[in-house]
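Scroll down for the structure; my scribbles are underneath it.
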Amino acid sequence: MEKRDLPLWINTLLDSLLGPDQAEIIKGDLQECYADHTHRYGLRVANLRLLGNFMSVLRPRVLLRRQHQKLRNQWALTGQDLRITWRLFRKERINSLLNLLGLAIGFCSAILAWVYISNQLSYDQFVPDAERTYRIESVWPEVGPYAKTAFPIGPQLVRQYPFIEGCFRYLQVFANDGSGVPISIGEAQFIEDKIVSADPAFIAIYNLKFLKGDAQTALSSPTNIVLTKKAAYKYFGQEDPIGRSITLEGKYEMMVSGVVESIGYQSHLDFEMLTPMSFMQEVKWKGWDGFEHEWASSMVWTYVLLKEAGDREKLTEVLNDLGNVVPTGAIKDGRNYELRSQSIRDIHLHSDIGSEFKPNGKMLHLVTFGLVAFLILTISMINFVNLTTARSLIRIKEIGVKKVIGAARAYLIRQFYLETFMYCMISALTALFAFLYFKQDFNFLMTSSLWIDQQNVWQWIGFVFVLVLLTTLFGGFYPSLYLSGFAPIGVLKGRKATGSSGIRQALVMVQIVASMILIVCTLIIHEQMSFIQGKDLGMNSSQLMVISRPPRSVSNQTVLQAFNQYPEVQSITAGGGSLPGYPKATWYYHPDGFPKERQVFNTAWAYDHIAEVLDLNLLAGKDFNHVLHNDSIKAIMLNRAAVESLGWTPEEAIGKSFGEYIWRSEDTNPGRVVAVVEDFHYESLHTAVEPLVLLYTSNDFGNLVVSISSSNLLETLREMERTWAGLVPDIPFHFRFMDDKIAQLYEREFRIKQSMNFFTLLALLTTAMGLFGLLSFLLMQKTKELSIHKILGASLVQVLAILSQHVVKLLGLGLLIASALGYGLMTYWLNDFSYRIDIGVLPFIISAGLICLLIGLLLLSQSFHIHRINPVKTLRNE
Amino acid sequence: MKRTNLGEFEELVLLIIGAMDGKAYGVPIKNKIKEQTGREASVGALHSALYRLEDKGMIEAEVGGATAERGGRRKKFYRITNVGKQALVTTYTLREGLLKQIPDLNFN
């Protein structure tokens, strides 16, 4: 009888699936049966049966026997493992905690960045059909783009073009140039600076959520007023505000018709109180006269809703035509007034033009911030990986023992990954708690309100989970996959783990590079910010105060004279328009040589001694003075930029005629240049100083501008308040320091600087921890070697030298790379400023120095430690 | 006494191993099952049961005896342990006790 062997494919399959011993036995059985069946039933049947038997072998209990053989119960050790993990943790408490903390910090920054960036990106996205909603903007020759346009444009567009579905206009209600509106509720008086006025369509287009009151009718009457939830609580507490009355400026009684959810934290628009546009029209709020029908003005924010997103081109065309047609007379270099549109989705992060509602965010800052947070996260993850790797080397013996008693490799891998995962989870949870606990402080730091709602909670959690997984993956990689592969005997005998120094060195490099870049960036940003804030603005603003003008019933003059009595008041005047911190204002003039075309100039209006009050440098002529200058011929003060733009020298300018354009008239008011002052920054330092006209005006215009000495400031202010109350009983004394205003403009930048500092400190800390951990790791390997050196008589210095060898090379290379990258990054960031510092070498030297110092100290302490250790202890195990 | 939960098939295999007293390995066990009960046990099912019994400590194994029919491959001989014997006794006692409680049951 032929002895047929099993078919090849069965043979190979079984060989690969089963362990060698097991395969042999099972194949043997199959073979024997096969032979028997062939003998009894013939080949065909035998083949079928063989197939059947083969299939029966393919079952889990059989296939998985291999691992099973090793340790019957692979979970038996888990309990022990946990104990070991815990003991290790306690044995190196500091190190372990540092590890956890470092990772938690990294996670926390990542969470912060994630929430902040997603918040910022989501501004105005809640608006239904945001992709069809656009803001109309005007571009003036000479002065550039403004977010506001003329009053009649919006409705006209809706009337004339069917592809424009709707529009609304938005306006902030100011008491004077820039300050809040005095309101009274019953007897109580307040100043509210977030009152706006809008067409009723605003409610629909922006989909405001009404908590009380009816959305359809809330703004139907000119005396209606809608409050946000916050305002309602602030002014009415728990009571229902509907139907209650609020009086504006002591004159206009409004009735509360609704309460809505705030939108300020997720929109470029914001308000606490909302009045209808009809209100402004009816009471002819300040400056309203005439502008209602003026087509060439920048007065209100206008938003349109298109029928379809694709109609954008039509809109652009329409606006272009309109811009050409509108008579502005302000033509410069052949360029006329232009109209354009911008999607509301782009405004918050990409728009920074004149007369924005509030300072917008900036894409640049998001990028910078994201970058910083990413670096911190990376550093902390690298640290974690390093430290985990280092600590796992201690456990080689443990691994060896486990293998000997039968632990499968898969088991070891699972164990280490589980452990790493636990660490990561704990860190993540700590980070989450820290984030929630410190949310308030973070809000302050980031100049925003971080918010998480139902929709993005899951994204958020998902994000954190992904982080944890990634960290676990990389952190546990070395111990799990690499260490578990070692042959037990070699390990138990103490053969050193060679480890791939390449990876370790790369890790150190990355760490050094990242920390260096961060320090360099902070230093440079710090410098730039200080530069801006400290730069001489061309005027002394630190003791300048602006007092909101009293209502029409009391004249500025009265208050002015009253305040002038105080010795601390060095100088006082009235003014408005393009002053620092205030919205820029413009007007038209006919300077000598331009009889026909009116020229537009930034304008400020001021009373006597304005140059003195603002501490401006008089280049020619005399300061405003009511004795010299009267109303028949307007007195004009120009700044250097203005004079130069007209091609005059300061001396030439004096006496030249400078007519003031009269609203919608052919005549002009005669005017004469009486003074020229040096340029000063009446706008933000982001832009170069533009020509400015200061127009002498009666003291009844604008706010009171006071130059006040800072000694006894509090007392003086209290006195002034008392005097004020005497003169103007109904209206609260409201003042601001000009510094305030300016600071507000930069607030965003300043806060960014603060948060950068904070995060750099964090990064430094994390780097220090990381370097510390890494060095201990490197040193562990060297301990025995160095002890031998010590026995042979090495001094502390020599020990130090040996240790430093490795590090120095990496340090040098790392610092170079970091310098190159850092320089590039900073140059890109600084481009944003029109006044910027030169980068120079100093930041690089300082950063490098700091890092070297840090490493040096660590090396020193470790060398010292080794030097003192009794070599017997380290060499005992040999 | 530790609970010994023997599956029906496992118990069968155990019994047969006990009966074959040291000469039991894969194929003979399979044949004996066919002979005694008429059931065809597949190689896979059988080995599966053998592994389980081994893990439970009721049988122990010894490798040896390569023959030509097996293509020169060795066999794994199984022998019942005391634990296994005890398990069988316990089972038997339990069954016997319960059977006696059933009325009108004839043992022929």
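Taken over segment A:27-43, residues that are more than 7 Å from chain B (Cβ to nearest Cβ) and either assigned to a helix (DSSP H, G or I) or within 13 Å of residue B:25 (Cβ to Cβ) (or both) amount to 8. For residue A:645, the conditions (1) farther than 17 Å from residue A:600 by Cβ; (2) among the small types (Gly, Ala, Ser); (3) free of Cβ contacts under 8 Å to residues at least 60 places away in the same chain are fulfilled apart from (1).
The residue that is nearest to residue A:54 (Cα to Cα), among those in segment B:28-42 that are buried (at least 18 other Cβ atoms within 10 Å of the Cβ) and either in contact (Cβ under 8 Å) with a residue 12 or more places away in the chain or more than 8 Å from chain A (Cβ to nearest Cβ) (or both), is B:41.
For segment A:319-354, the set of residues classified as at pLDDT 70 or above, surrounded by 19 or more Cβ atoms within 10 Å (Cβ to Cβ) and within 26 Å of residue A:664 (Cα to Cα) consists of A:319, A:322, A:337, A:339, listed by residue number. Residues in segment A:105-142 that are of a type in the set (Val, Ile, Thr), surrounded by 23 or more Cβ atoms within 10 Å (Cβ to Cβ) and touching a Gly at 6+ places or on another chain (Cβ under 9 Å): A:136 only. In the set A:145, A:162, A:200, which member is within 18 Å of residue A:278 (Cα to Cα), surrounded by fewer than 22 Cβ atoms within 10 Å (Cβ to Cβ) and out of contact with any Lys or Arg (no Cβ under 6 Å at 6 or more places or on another chain)? Exactly one residue qualifies, and that residue is A:200.
Against the condition more than 8 Å from chain A (Cβ to nearest Cβ), touching a Phe, Trp or Tyr at 6+ places or on another chain (Cβ under 8 Å) and either buried (at least 19 other Cβ atoms within 10 Å of the Cβ) or not basic (Lys, Arg) (or both), how does residue B:22 come out, does it pass? Let's see the steps before the verdict.
Values: more than 8 Å from chain A (Cβ to nearest Cβ): yes; touching a Phe, Trp or Tyr at 6+ places or on another chain (Cβ under 8 Å): yes; either buried (at least 19 other Cβ atoms within 10 Å of the Cβ) or not basic (Lys, Arg) (or both): yes.
Yes: the conditions hold for residue B:22.
Only one entry of A:264, A:243 meets the criterion of being more than 30 Å from residue A:322 (Cα to Cα) and modelled with pLDDT under 85, and that entry is A:264.
Looking only at residues in segment A:2-14 that are among the hydrophobic types (A, V, I, L, M, F, W, C) and in a helix (DSSP H, G or I), the one that is farthest from the other protein chains (Cβ to nearest Cβ) is A:9. The set of residues in segment B:23-40 that are over 12 Å from the mean Cα position of the chain (by Cα) and at negative phi comprises B:23, B:27, B:31, B:34, B:35, B:36, B:37, B:39, B:40. Scanning segment A:81-104 for residues that are surrounded by 17 or more Cβ atoms within 10 Å (Cβ to Cβ) and of a type in the set (Asp, Glu) gives a single hit, A:81. One residue is enough: does segment A:44-66 have a residue meeting the conditions over 26 Å from residue B:41 (Cβ atoms), part of a helix (DSSP H, G or I) and either more than 11 Å from chain B (Cβ to nearest Cβ) or modelled with pLDDT under 85 (or both)? No - not one qualifying residue is present in segment A:44-66.
Among the conditions (1) more than 8 Å from every other protein chain (Cβ to nearest Cβ); (2) in contact with a Phe, Trp or Tyr (Cβ under 8 Å, 6 or more places away or on another chain), residue A:17 misses just one, which is (2). Looking across segment B:43-82, the residues that are of a type in the set (Asp, Glu) and either more than 10 Å from chain A (Cβ to nearest Cβ) or touching a strand residue (DSSP E or B) at 6+ places or on another chain (Cβ under 7 Å) (or both) come down to B:54, B:60, B:62.
Can you confirm whether residue A:794 is at pLDDT 75 or above and of a type in the set (Gly, Ala, Ser)? Taking the combined requirement at face value, the residue does not satisfy it.
Figure legend. Inter-residue proximity from segment A:39-66: first residues among the charged types (D, E, K, R), second residues buried (at least 19 other Cβ atoms within 10 Å of the Cβ) and at pLDDT below 90, beta-carbon distance below 8 Å, spacing 6+ or different chains. Indicated pairs: A:65/A:18; A:65/A:22; A:66/A:18; A:66/A:22. One residue stands out among those in segment A:755-775 that are of a type outside the set (A, V, I, L, M, F, W, C) and buried (at least 19 other Cβ atoms within 10 Å of the Cβ): the one that is modelled with the highest pLDDT, which is A:766.
The values are calculated or read from the model by the stated rules, or taken from the named source; none is laboratory data. In this text the structure is predicted, and so the values were computed from the model without any measurement. Note: ideal-geometry Cβ built from the backbone for every residue, glycine included; neighbour counts use all protein chains shown.
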